[in-house]
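J.: Just dropping this structure here.
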Amino acid sequence: MTDPVASGLISYPINDFGPAMKGMVIGGLGIFHVFLAQFAIGGGMLMAYFQWLAMKGKEPAARTVRDSYFKYLVLVSFVTGAVTGVAMWFTSIQISPGTIGKMVDVFHWVWATEWIFFWVEVVAGYAFYRYSKILSDRTRLALLVIYSIAGWGSLFWINGILSWQLTPGDWVKSGNIWQGFFNATFWPSLFYRTIACMVIAGLVAAVIVNTMPSLSREDRTRLINRTARFMLPIVLMPLFGLWFLAAMPEDSRAWVMGGSIAMTLFMNIAVGASVLIGGYIVVGLWRQKLYINGATATLLLALAFGASAGGEFVREGVRKPYTIRTVLYSNSIPPEQVAHLREIGCTTGDPFPLRDAASMPNPQLQLGALTFRNQCAVCHTVNGVNGLTHLMGAWTQDQQRMNVAKLQWTKGFMPPFAGTPQELEGLVQFIQWETAKRPPTWPESRDERVLAQIKAWLNEAGTGPATQPRPPQQASATNIPTGTR
Ligand code: HEC
């Protein structure tokens with residue numbers, strides 16, 4: 001058995017989330033977390049603006065709204081934001097321990113700095129919540145400004161780490177963390193997110209203003225028009241969105257421009273929802289000074305959630321097949337290890353037993369299940385979401401073998417297969433056995449010619465990702481069409 005540390009790979013225990021795809025578990029959670037965190041940041045900025053309006057005597061109802069709003073901010077976003085934040089750590093260490101380990105390793109102090117900012121945000125927020133009544137106006141404003149700067153600062157720091165995953169830039173060669181931090185997508189995504197924070201906070205204000213019986217209709221209209229002004233930077237969103245698209249790697253851009261149906265769809269949802277919200281804010285609320293009722297405001301907020309969800313899905317999705325571009329594939333295998341793993345096997349260094357090994361009729365199926373767990377399980381389930389039995393169950397055995405051997409060419413957002421021909425055959429048998437609804441007996445496939453053919457296909461595919469030129473193809477009589485599914 002190869003020592004996993006010496007081979008450059010450390011195995012972590014991998015949890016199984018049943019029919020829910022792992023990427024979706026973390027993505028789904030991430031969407032809520034990001035939305036709540038952005039609300040908390042934008043909310044602080046909006047309340048600082050309201051406090052200023054109150055102090056200047058420009059808006060008599062500003063104080064009432066400020067206190068009511070801050071209660072929601074603290075109760076909803078602090079509590080749920082913190083809970084989902086902890087849940088993010090909890091799931092990421094189970095789903096992608098290699099990636100999160102690398103991120104903590106590279107950005108240790110940046111992350112620590114982010115936590116300090118977050119800590120200041122929380123302390124300032126609670127202090128305001130608890131003592132606002134007995135403070136002077138100037139101190140209130142100071143607290144809210146500190147809160148906003150700290151909140152935005154935490155976004156600044158985390159944004160560097162997240163954007164580095166997609167565009168690590170010159171860090172890859174130099175190892176200089178500032179080159180990684182201020183990477184190509186850092187600024188567009190920071191500006192984009194800042195505006196998202198302001199818009200979400202503004203739409204929440206429009207909802208809350210409608211729940212306050214003490215306000216007159218005139219008060220509400222004025223407050224909502226004020227809020228509309230605060231949200232006006234939304235007109236710049238397309239600019240930063242396009243900048244972000246322009247700065248991302250070419251192949252990633254191709255996914256959202258039609259290359260991947262799901263990603264293109266999600267991007268269109270994000271763009272469409274944002275255009276609707278932007279149009280309403282600019283034309284309806286700002287130009288025509290319209291009033292919006294609670295139902296419309298809630299609808300706009302739901303649209304904003306849809307836009308955030310679509311945006312986050314795209315941001316996570318376009319990174320495939322990497323979690324850290326060019327450094328780690330989504331299944332936590334480093335690209336330079338692929339050739340080596342094709343020799344020694346991807347399951348060799350995995351010391352963790354299969355949960356249901358006893359239910360499998362032969363060791364080859366167990367090998368296949370382990371191979372699935374190590375290489376495919378981050379993005380696929382067996383029978384559930386993006387399930388392999390659905391995707392390849394209808395293919396012939398040889399189609400299955402070839403398309404998995406040439407995984408990166410089957411779909412460019414998958415990493416190359418990184419195991420031995422025996423592991424690949426085990427995986428194919430495992431999927432067939434699962435497709436056949438797990439019968440109690442299953443013959444082992446031990447045909448040397450099959451293994452030799454798989455090896456030839458693996459060689460044809462090469463060990464690089466689909467972004468690198470494909471190795472020259474020998475004339476081969478075995479180009480099997482995948483057919484329809
Ligand atoms: C980075 C994430 C990722 C990894 C890792 C990954 N896949 Fe995929 N795979 C996808 C996505 C996304 C699709 C597209 C699904 C669709 O078209 O609906 C896909 C599609 C497929 C398809 C269908 C291809 C077609 O042409 O219809 C097969 C077969 C497949 N994957 C097998 C595997 C196997 C086997 C592994 C592990 C050795 C694996 N994948 C690893 C993300 C991944």
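Derivation of every value follows stated rules applied to the coordinates shown; laboratory data play no part. Model, not experiment: these values are computed from the prediction. Counting neighbours? That spans all protein chains shown, and the Cβs are built from the backbone with ideal geometry, glycine included.
J.: If you put +1 on each Lys and Arg Cβ and -1 on each Asp and Glu Cβ, how big is the dipole of the stretch 158-256 around its Cα centre, in Debye rounded to 20?
T.: Charge dipole, the stretch 158-256, about its Cα centre: 380 debye, nearest 20.
J.: Does the stretch 336-461 come out rounded, prolate or oblate, given a ≥ b ≥ c as the square roots of the eigenvalues of its C-alpha gyration tensor, rounded meaning a/c under 1.5 and, failing that, prolate meaning a/b above b/c?
T.: Rounded shape, in that the Cα axes give a/c under 1.5.
J.: When the chain is fully extended, how far beyond the present Cα-Cα distance does ILE134 get from LEU391, taking 0.36 nm per residue of separation?
T.: So the chain would gain 86.2 nm between ILE134 and LEU391.
J.: Could you run the Karplus curve 6.51 cos²θ - 1.76 cosθ + 1.60 with θ = phi - 60° over the stretch 19-36 and give me ³J(HN,Hα) per residue in whole Hz, x for Gly and Pro?
T.: Each residue's phi maps through the Karplus curve to give x, 7, 5, 4, x, 6, 4, 6, x, x, 5, x, 4, 5, 4, 4, 4, 5 Hz.
J.: Between TRP119 and ALA452, 0.36 nm times their residue separation minus their Cα-Cα distance comes to what?
T.: 114.1 nm
J.: About the Cα centre of the chain, how large is the charge dipole given +1 on each Lys and Arg Cβ and -1 on each Asp and Glu Cβ? Please answer in debye to the nearest 20.
T.: 1880
J.: Moving on. Which whole-number percent gives the relative contact order of the chain, counting Cα pairs below 8 Å spaced six or more residues apart?
T.: Here the relative contact order equals 17 percent.
J.: As an exercise, use a Förster radius of 35 Å and the Cβ-Cβ distance of ARG217 and VAL275 to find the FRET efficiency, rounded to the nearest 0.05.
T.: Given R0 = 35 Å and the Cβ-Cβ separation, E is 0.75.
J.: What list of ³J(HN,Hα) couplings, whole Hz, do you get for the stretch 333-338 from phi and the Karplus terms 6.51, -1.76, 1.60, once you set θ to phi - 60° and write x for glycine and proline?
T.: 8, x, x, 6, 8, 4
J.: OK, next. Taking amide hydrogens as modeled 1.01 Å from N in the peptide plane, which residues meet the under 5 Å criterion relative to THR381, leaving out close sequence neighbours?
T.: GLY387, LEU388
J.: Pull up the cross-link candidates among the aspartates and glutamates for LYS56, meaning alpha carbon to alpha carbon under 16 Å and not fewer than 8 places away within one chain.
T.: Qualifying aspartates and glutamates at Cα under 16 Å: ASP137.
J.: If R₀ is 35 angstrom, what is the calculated FRET efficiency for the pair VAL172 and THR441, using the beta carbon separation as r and rounding to 0.05?
T.: Efficiency, rounded to the nearest 0.05: 0.10.
J.: What whole-number distance in Å separates the alpha-carbon centres of the stretch 239-299 and the stretch 368-386?
T.: 33
J.: Now a separate question. With angles folded into 0 to 90 degrees, how steeply does helix 186-210 sit against the dominant principal axis of the chain? Use alpha carbons for both and round to 10.
T.: Relative to the chain, helix 186-210 is tipped by roughly 50 degrees.
J.: Given the peptides 194-203, 114-123, 369-378, arrange them by the average over their residues of other C-beta atoms within 10 Å, most packed first.
T.: The peptides rank, most packed first, as 194-203, 369-378, 114-123.
J.: Can you put HIS33, HIS108 in order, fewest other beta carbons within 10 Å first?
T.: Exposure proxy ranking, most exposed first: HIS108, HIS33.
J.: Let me ask another. Taking a cut-off of 15 Å between Cα atoms, list the aspartates and glutamates near LYS133, but don't count ones fewer than 8 places away on the same chain.
T.: Partners found: ASP67.
J.: Ordered by residue, what ³J(HN,Hα) values in Hz, to whole numbers, does the stretch 157-167 give under the Karplus form 6.51 cos²θ - 1.76 cosθ + 1.60, where θ = phi - 60° and Gly and Pro are x?
T.: Taking θ as phi minus 60°, the curve returns 6, 5, 4, x, 6, 5, 6, 4, 4, 7, 10 Hz for the stretch 157-167.
J.: Pick out, from VAL65, SER92, LEU388, the residue whose Cα sits farthest towards the positive end of the charge dipole of the chain, with +1 on the Cβ of Lys and Arg and -1 on the Cβ of Asp and Glu.
T.: VAL65
J.: Any idea what angle helix 294-317 forms with the longest principal axis of the chain, computed on alpha-carbon atoms, 0 to 90 degrees, nearest 10?
T.: 30
J.: Using Cβ contacts closer than 10 Å as the measure, can you line up LYS320, LYS289, LYS133 from fewest to most?
T.: Fewest to most other Cβ atoms nearby, the residues stand as LYS133, LYS289, LYS320.
J.: OK, next. Hey, with R₀ at 60 Å, roughly what FRET efficiency would LYS58 and TRP409 work out to, going by the Cβ-Cβ distance, to 0.05?
T.: Taking R0 as 60 Å, the efficiency between LYS58 and TRP409 is 0.45.
J.: If amide hydrogens are placed 1.01 Å from N in the peptide plane, which non-local residues have theirs closer than 5 Å to the one on GLY345?
T.: Residues meeting the criterion, in which the H sits 1.01 Å from N, are THR420.
J.: Which lysines have a Cα less than 18 Å from the Cα of LYS320, not counting those fewer than 8 places away in the same chain?
T.: Here the lysines satisfying the reach criterion relative to LYS320 are LYS22, LYS102, LYS406, LYS411.
J.: Label PHE182 and THR298 with points 7 Å out from Cα along Cα→Cβ: what is the distance between them in nm?
T.: 4.6
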